[in-house]
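Enquirer: Have a look at this one before I ask anything.
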Amino acid sequence: MLKAVLLFSNFASLFIHLKKKIMKQTMPINGKFSLAELPYAPDALEPVINAETINYHYGKHLQAYVNNLNALLPGSPFENLSLEEIVRKSDGAIFNNAGQILNHNLYFSQFAAPKENNTPSGRLETAIKQQYGSFNAFREAFENKGSTLFGSGWVWLSRDQAGTLKITQEHNAENPLKKGLTPLLTFDVWEHAYYLDYQNRRAAYLAELWKIIDWEVIEQRY
Ligand SMILES: [Fe+2]
C-alpha cells in the first residue's frame with residue numbers, strides 16, 4: 001500500500017514538473033509555430049471583450065504574427081529555438097513577431113468568463129497586499145501604468161528572482177522576460193485590443209479587464 005502511495009506521488013510530482021516545463025517553453029513543431037488554442041469560446045468574455053474583438057485580435061492580429069514569424073525563421077539562427085529563447089536573443093522583425101506571439105499567448109490565456117469581485121488568493125494575494133497595501137491600491141497602480149503608456153505596448157505584473165513583484169510598462173513587442181523577470185499578468189494597450197469595444201477609452205477598458213482575469217492562471221505563473 002505504502003509502495004503504491006509513493007509510486008503515485010512520484011508520478012504526480014513528475015507530471016507537475018513536466019507541466020511547469022511545458023508552460024515555460026513553447027517549441028516549434030516541424031520548424032513552425034502555430035496559433036495557441038483559446039481556452040474559452042470567442043464570446044465567453046462578453047461584455048468585457050466582445051467576440052468581434054476576439055475574432056480580429058486573436059484570429060487576425062495574432063495569426064498574422066505567427067505567419068510572419070514562420071516566414072522569417074527558415075535560414076535564421078533562431079530556427080528550432082523556443083519562442084522564449086527567440087524573444088531573449090533576437091531583434092528586428094523576428095523579435096517583433098516572436099515578442100507579440102509570446103505577449104498575446106500570455107494575454108489570451110489569462111482570461112475566463114466575467115466575475116464580480118474577482119480577486120487573487122493564496123500566496124499571490126499575500127504578496128500583493130504586502131507590497132502595495134491592498135488589492136485596490138495595486139489595481140490603481142497597474143491601471144495607471146496602462147493609462148500613461150504612450151503609444152503601443154503592454155503593462156505587466158512580473159516577479160523577480162527573489163519573488164518581489166514589479167509593475168512595468170513595455171513598448172511595442174517587449175516582454176519583461178528580457179529583464180530577467182517572470183511575467184505573470186499583462187494588459188495589452190495596443191489600440192487593436194480595445195478600439196472596437198471601447199474606442200479611445202483606454203482607461204475604461206483597463207478598469208473592466210479585472211472582471212475576466214483567471215487568477216488561478218496568474219497564481220500558477222507566480
Ligand atoms: Fe494585441
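Please treat every number below as a calculation from the coordinates, not as lab data. Everything numeric here is computed off the predicted structure, so don't read it as measured data. With ideal geometry, Cβ positions are generated from the backbone for all residues, glycine too; neighbour counts draw on all protein chains shown.
Enquirer: Considering only residues that are closer than 16 Å to Ser147 by Cα and among the acidic types (Asp, Glu), look in the stretch 183-206 and name the one that is surrounded by the most Cβ atoms within 10 Å (Cβ to Cβ).
Expert: Asp188
Enquirer: The conditions are (1) acidic (Asp, Glu); (2) farther than 19 Å from Ala207 by Cα; (3) surrounded by fewer than 16 Cβ atoms within 10 Å (Cβ to Cβ), and Glu174 fails exactly one of them. Which is it?
Expert: All conditions are met except number (3).
Enquirer: Okay, next question. Taking the stretch 85-95, which residues are surrounded by fewer than 18 Cβ atoms within 10 Å (Cβ to Cβ) and part of a helix (DSSP H, G or I)? Step through it out loud before you land on a result.
Expert: To start, the set of residues in the stretch 85-95 that are surrounded by fewer than 18 Cβ atoms within 10 Å (Cβ to Cβ) comprises 85, 88-89, 91-93.
Passing the criteria: Glu85, Arg88, Lys89, Gly92, Ala93.
Enquirer: Which of the residues spanning the stretch 142-176 are touching a Phe, Trp or Tyr at 6+ places or on another chain (Cβ under 6 Å) and outside any strand (DSSP E or B)?
Expert: The answer is Gly146, Ser152, Pro176.
Enquirer: Out of everything in the stretch 86-132 that is charged (D, E, K, R) and free of Cβ contacts under 8 Å to residues at least 40 places away in the same chain, what residue ends up being nearest to the ligand (Cβ to nearest atom)? Break it down into steps so the answer makes sense when it comes.
Expert: Just the residues of the stretch 86-132 that are charged (D, E, K, R), to begin with: 88-89, 91, 115-116, 123, 125, 129.
Then keep just the ones that are free of Cβ contacts under 8 Å to residues at least 40 places away in the same chain; that gives 89, 91, 125, 129.
Numbers: Lys89: 23, Asp91: 20, Glu125: 28, Lys129: 30 Å.
That would be Asp91.
Enquirer: Continuing with the same structure: Report whether or not Leu209 is touching a Leu at 6+ places or on another chain (Cβ under 7 Å), under 17 Å from Ile49 (Cβ atoms) and either among the hydroxyl-bearing types (Ser, Thr, Tyr) or surrounded by 15 or more Cβ atoms within 10 Å (Cβ to Cβ) (or both). Can you show your working first?
Expert: Values: touching a Leu at 6+ places or on another chain (Cβ under 7 Å): no; under 17 Å from Ile49 (Cβ atoms): yes; either among the hydroxyl-bearing types (Ser, Thr, Tyr) or surrounded by 15 or more Cβ atoms within 10 Å (Cβ to Cβ) (or both): yes.
It is false that Leu209 is touching a Leu at 6+ places or on another chain (Cβ under 7 Å), under 17 Å from Ile49 (Cβ atoms) and either among the hydroxyl-bearing types (Ser, Thr, Tyr) or surrounded by 15 or more Cβ atoms within 10 Å (Cβ to Cβ) (or both).
Enquirer: Go through the stretch 151-176 and give me each residue that's of a type in the set (Asp, Glu) and more than 15 Å from the ligand (Cβ to nearest atom). Break it down into steps so the answer makes sense when it comes.
Expert: Just the residues of the stretch 151-176 that are of a type in the set (Asp, Glu), to begin with: 160, 170, 174.
Listed by number, the list holds a single entry, Asp160.
Enquirer: Further, regarding this structure: Among the residues of the stretch 177-194, how many are in a helix (DSSP H, G or I), within 13 Å of the ligand (Cβ to nearest atom) and in contact (Cβ under 8 Å) with a residue 60 or more places away in the chain? Don't jump to the end; show me each part of the working.
Expert: First, the residues of the stretch 177-194 that are in a helix (DSSP H, G or I): 177-179, 191-193.
Add one more test, that the residue is within 13 Å of the ligand (Cβ to nearest atom), and what stays is 191-193.
With in contact (Cβ under 8 Å) with a residue 60 or more places away in the chain added as a condition, the list becomes 192-193.
Total meeting the criteria: 2.
Enquirer: Give me a count of the residues in the stretch 21-77 that are within 16 Å of the ligand (Cβ to nearest atom) and among the basic types (Lys, Arg).
Expert: Result for the stretch 21-77: 1.
Enquirer: Continuing with this model, one more query. What residue, among those in the stretch 56-81 that are within 17 Å of the chain's Cα centre (by Cα) and under 19 Å from Asn172 (Cα atoms), is surrounded by the fewest Cβ atoms within 10 Å (Cβ to Cβ)?
Expert: Pass one, the stretch 56-81, residues within 17 Å of the chain's Cα centre (by Cα): 57-59, 61-63, 65-66.
If we keep only those that are under 19 Å from Asn172 (Cα atoms) too, we end up with 57-58, 61-63, 65-66.
On the way: His57: 21, Tyr58: 18, His61: 16, Leu62: 21, Gln63: 14, Tyr65: 21, Val66: 21.
It comes out as Gln63.
Enquirer: Here are Tyr198, Tyr222: which of them is without any contact (Cβ under 8 Å) to a residue 24 or more places away in the chain and not polar (S, T, N, Q)? I'd like the intermediate steps shown before the answer.
Expert: Working: Tyr222 fails: without any contact (Cβ under 8 Å) to a residue 24 or more places away in the chain.
Answer to the check: Tyr198.
Enquirer: Follow-up question, since we're still on this one. When Thr148 is evaluated against the numbered criteria (1) of a type outside the set (Gly, Ala, Ser); (2) out of contact with any Asp or Glu (no Cβ under 6 Å at 6 or more places or on another chain); (3) closer than 24 Å to Leu83 by Cβ; (4) more than 13 Å from the ligand (Cβ to nearest atom), which criterion, by number, is the only one it fails?
Expert: The number of the failed condition is (3).
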